[in-house]
Amino acid sequence: MTTIYPISIILPTYNERENLPIMIDLLHKTFKTLKVDGTVEIVVVDDSSPDNTLEVAQWLKKSYVDGVIEVNILSRKGKLGLGTAYIAGLKVAKGEKIIIMDADLSHHPKFIPQFLDTMENNGKGKVDIVCGTRYVNGGGVAGWDLRRKLTSRGANFLASFLLLSSPFGGTRISDLTGSFRLYERSMLEKVLPQVKCKGYAFQMEILVLAAKEGAKFAEVPITFVDRIYGESKLGANEIFMYLKGLLYLFFTT
């Protein structure tokens, strides 16, 4: 019989052997305090990390067996990209609610309780997608230099400008390029088969497609913290794929 979890968390990894144990420990502590009704599934999607992240994930899977969390692993052959990692993880995740977040500690699990509460108790009825945002009062970034801040702000401004016509359930989404989100499984099942974009543009396409399906949205302010261990995956190819995906969405939605 297939196990259905109350929540699944997707953690794409590539060279995250130092960060992953800390993230899993933080998630375990978060849900032990929350006392969720059932075990929380954590799906680690590893793209053949040369630093042996997969072996670390396998050790973590054996280490956390108290019923609070369960670590499951999806190992892929080669570095296939962040967008496809999310899609692959979402296809195997069995939770009724799905959280996607970075494994490099940029997204702190301490915000998860507020995500869950906002989904159910936001004053507007239940919502389908809760987005973490850096760009409202109470949100922000830490550890970025000026160049990274300008790149992020510029990318988000461009996305907001070009996709302004998308209704987003009557809610203004202030952080279209963010990836820390909570989804209702039923909404993801509607939009996932329609996804075309890869890379960072995947985050925007999910929102645009969900809006077309009548999804309701809410936001939670978060602080995005730059990674302590390892190197950022944001390079020239990722920026090109983002712009390509953004133009695709502009001309097709």
The condition from (1) more than 13 Å from residue 109 (Cα to Cα); (2) touching a residue at least 12 places away in the same chain (Cβ under 8 Å) that residue 35 misses is numbered (2)
In the range 19-45, anything part of a loop (DSSP other than H, G, I, E, B) and modelled with pLDDT of 95 or more is listed as 39
When the range 46-66 is checked residue by residue, the ones that are closer than 20 Å to residue 80 by Cα and among the acidic types (Asp, Glu) are 46, 47, 51, 55
All-but-one check, residue 48 against (1) in a helix (DSSP H, G or I); (2) on the phi > 0 side of the Ramachandran plot; (3) among the hydroxyl-bearing types (Ser, Thr, Tyr), failing number (1)
Across the range 123-143, the tally of residues that are crowded, with 17+ Cβ neighbours inside 10 Å and either in a loop (DSSP other than H, G, I, E, B) or not aliphatic (A, V, I, L, M) (or both) stands at 8
The correct count of residues that are crowded, with 21+ Cβ neighbours inside 10 Å and under 13 Å from the mean Cα position of the chain (by Cα) in the range 70-86 is 4
| message | Condition check: of a type outside the set (Phe, Trp, Tyr), closer than 18 Å to residue 107 by Cβ and either touching a His at 6+ places or on another chain (Cβ under 8 Å) or modelled with pLDDT under 95 (or both). Does residue 69 satisfy that? | response | yes
How many residues of the range 144-160 are of a type in the set (D, E, K, R) and either under 19 Å from the mean Cα position of the chain (by Cα) or surrounded by 17 or more Cβ atoms within 10 Å (Cβ to Cβ) (or both)? The answer is 1
Log entry, pairs with first residue in the range 98-118 being open to solvent by 10 Å² or more (accessible area, probe 1.4 Å), second being of a type in the set (Gly, Ala, Ser), beta carbons closer than 6 Å, six or more apart or on different chains, reads 118/218
**OP:** Could you check, for the range 73-83, whether at least one of its residues is over 27 Å from residue 190 (Cα atoms) and modelled with pLDDT of 95 or more?
**Re:** no
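The values are calculated or read from the model by the stated rules, or taken from the named source; none is laboratory data. All values derive from a computational prediction rather than experimental measurement. When we count neighbours, we look across all protein chains shown, and the Cβ atoms used for this are built from the backbone with ideal geometry, even at glycine. We work out accessible area using only protein heavy atoms, side chains counted, and drop any ligands, DNA or RNA first. Shrake-Rupley method; radii C 1.70, N 1.55, O 1.52, S 1.80 Å.
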